[in-house]
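Heads up: the structure comes next, in structure tokens.
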2 protein chains.
Amino acid sequence: MDRNNTLPARTGTALRLQQGDRLKIVNTHGSQVVDCWALNAADPAEHMSMQHCRNLWYRLAPRAGDLLVTNLRNPILRLAEDTSPGIHDTLFPCCDLKRYRQLGIEGYHASCAENFATALGTLGLAPPLPPAPLNLFMNIPLRVDGGLTVAPPASRPGDYVALEARMPCIVVLSACPHDILPVTGADNTPKDVDYAILPAV
Amino acid sequence: MDRNNTLPARTGTALRLQQGDRLKIVNTHGSQVVDCWALNAADPAEHMSMQHCRNLWYRLAPRAGDLLVTNLRNPILRLAEDTSPGIHDTLFPCCDLKRYRQLGIEGYHASCAENFATALGTLGLAPPLPPAPLNLFMNIPLRVDGGLTVAPPASRPGDYVALEARMPCIVVLSACPHDILPVTGADNTPKDVDYAILPAV
């Protein structure tokens, strides 16, 4: 990788990408979910949109090679590489404090929603409420009876995805702090992930 | 019904509901998809959110009795009644002009996105880009191989849903103008629907 960076467990970051840059996200320990958003750098009201992606793919989740589009149906990223089993979620929102209240947490709890806001704040942007994230490595099986369940990720240590920017954009990543349901693995323990930006050549 | 209203084929409307009001939406001809949004009347940035609804339901679509929640996880509507087979879509975005361009239309085509903007404009509101709609009666089967398909609605003439407001809100309805894929029935012909507001007693 061009330069290794670690995203510590439970935290987020916002990264500026130029068209053609690749962002490699490594599931270092294998079981960490990474919530991912992308905003048009020129107009953050245009953002990667899971509903529009599903309409493009005619599937629930992306495969390597698929474009990821915005709420204006413009390509913003491409899933250039995916060495994981390809199980990612587009159905569920990011976690937030209200969700942790529903799950019985009474005090403070880190959340992807807070990470999204904090990360964009470091770039001087007033964050909107989080759009639907691409939940990388998140495993939400759909049962035959139509029910959705939460299962540990199927990814393995070192599995990675590479996202290629199709427009100048801001990508926000959050190493999901969930530690109640087995979202981030059967041990319910959030972990670090690694990432690197590989500039366009 | 308290007062019958007809929503002409291909058009939209925005309706103010008080808490406890019920909005009955009748699939008069049986095969019409109705895109539906709900915004908090006090703060339209808070809106009904399909991603948060799925996280509440742990299913892809609502059943009679289910709450519909916002991007702040607050109940905004309740699916109080549903006489249809219960097939509704939460996965696909509303149609827009760009989608019709992708489907080969070169000139003007009515769209749910335009209906959303026009309807909110009649209330003096500057509409955001449309959030993910609840696509009432829309039939997007998920195949065993994970592929999504577009099928005619399973609803029958006279089937209806009743949505109960759980906060003062603005509901936007669009009788989907889609006439290329069989979204609105095997005859690809958009049709009128009827609706009525039944005030809280």
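The values are calculated or read from the model by the stated rules, or taken from the named source; none is laboratory data. For clarity, every value in this text was computed on a predicted model and none was experimentally measured. Positions of Cβ are generated from backbone atoms using ideal geometry, with glycine treated the same way; all protein chains shown enter the neighbour counts. Protein only, heavy atoms only, side chains kept; ligands, DNA and RNA dropped before computing areas. Shrake-Rupley method; radii C 1.70, N 1.55, O 1.52, S 1.80 Å.
For residues in segment A:137-179 being small (Gly, Ala, Ser) and part of a loop (DSSP other than H, G, I, E, B), which is farthest from A:Arg63 (Cα to Cα)? Across segment A:137-179, the extreme among qualifying residues is A:Gly146.
Taking the options B:Glu106, B:Glu81, name whichever one is surrounded by fewer than 22 Cβ atoms within 10 Å (Cβ to Cβ), modelled with pLDDT of 95 or more and in a strand (DSSP E or B).
Working: B:Glu106 fails: in a strand (DSSP E or B).
After ruling out the rest, the residue left standing is B:Glu81.
A single entry from A:Ala126, A:Ala186, A:Ala132 fulfils the requirement of being away from every other protein chain (no Cβ under 14 Å) and either among the hydrophobic types (A, V, I, L, M, F, W, C) or over 30 Å from B:Val144 (Cα atoms) (or both): A:Ala186. Among residues of segment A:35-59 that are on the phi > 0 side of the Ramachandran plot, those with a beta-carbon under 9 Å from a residue that is modelled with pLDDT of 95 or more and of a type in the set (Ser, Thr, Tyr) at least six positions away or on a different chain give the pairs A:Tyr58/B:Thr149.
Applying the set (1) open to solvent by 20 Å² or more (accessible area, probe 1.4 Å); (2) part of a strand (DSSP E or B) to B:Ala14 leaves exactly one unmet item: (1). Name every residue in segment A:27-49 that is surrounded by 17 or more Cβ atoms within 10 Å (Cβ to Cβ), within 10 Å of chain B (Cβ to nearest Cβ) and not in a strand (DSSP E or B), in order of residue number. Within segment A:27-49, A:Glu46, A:Ser49 qualify. Being closer than 13 Å to B:Ser174 by Cβ and either surrounded by 19 or more Cβ atoms within 10 Å (Cβ to Cβ) or aliphatic (A, V, I, L, M) (or both) is the filter here, so list the residues in segment B:114-126 that pass it. The answer is B:Glu114, B:Asn115, B:Phe116, B:Ala117, B:Ala119, B:Leu120.
If the condition is being hydrophobic (A, V, I, L, M, F, W, C) and either open to solvent by less than 20 Å² (accessible area, probe 1.4 Å) or facing another protein chain (nearest Cβ under 10 Å) (or both), then segment A:84-96 contributes A:Leu91, A:Phe92, A:Cys94, A:Cys95. When the residues of segment A:50-64 are filtered to those that are farther than 16 Å from A:Leu136 by Cβ and in contact with a Lys or Arg (Cβ under 9 Å, 6 or more places away or on another chain), the one that is farthest from the other protein chains (Cβ to nearest Cβ) is A:Leu56. Quick check, is B:Arg101 open to solvent by 40 Å² or more (accessible area, probe 1.4 Å), modelled with pLDDT of 95 or more and part of a strand (DSSP E or B)? So B:Arg101 does not fit the description; no.
One residue is enough: does segment B:65-77 have a residue meeting the conditions assigned to a strand (DSSP E or B), modelled with pLDDT of 95 or more, open to solvent by 20 Å² or more (accessible area, probe 1.4 Å) and closer than 18 Å to B:Ile170 by Cα? Yes, the conditions are met somewhere in segment B:65-77.
Which of the residues that make up segment A:143-177 are away from every other protein chain (no Cβ under 14 Å), among the basic types (Lys, Arg) and more than 21 Å from A:Met48 (Cβ to Cβ)? Once the filter is applied, which keeps residues that are away from every other protein chain (no Cβ under 14 Å), among the basic types (Lys, Arg) and more than 21 Å from A:Met48 (Cβ to Cβ), segment A:143-177 yields only A:Arg156.
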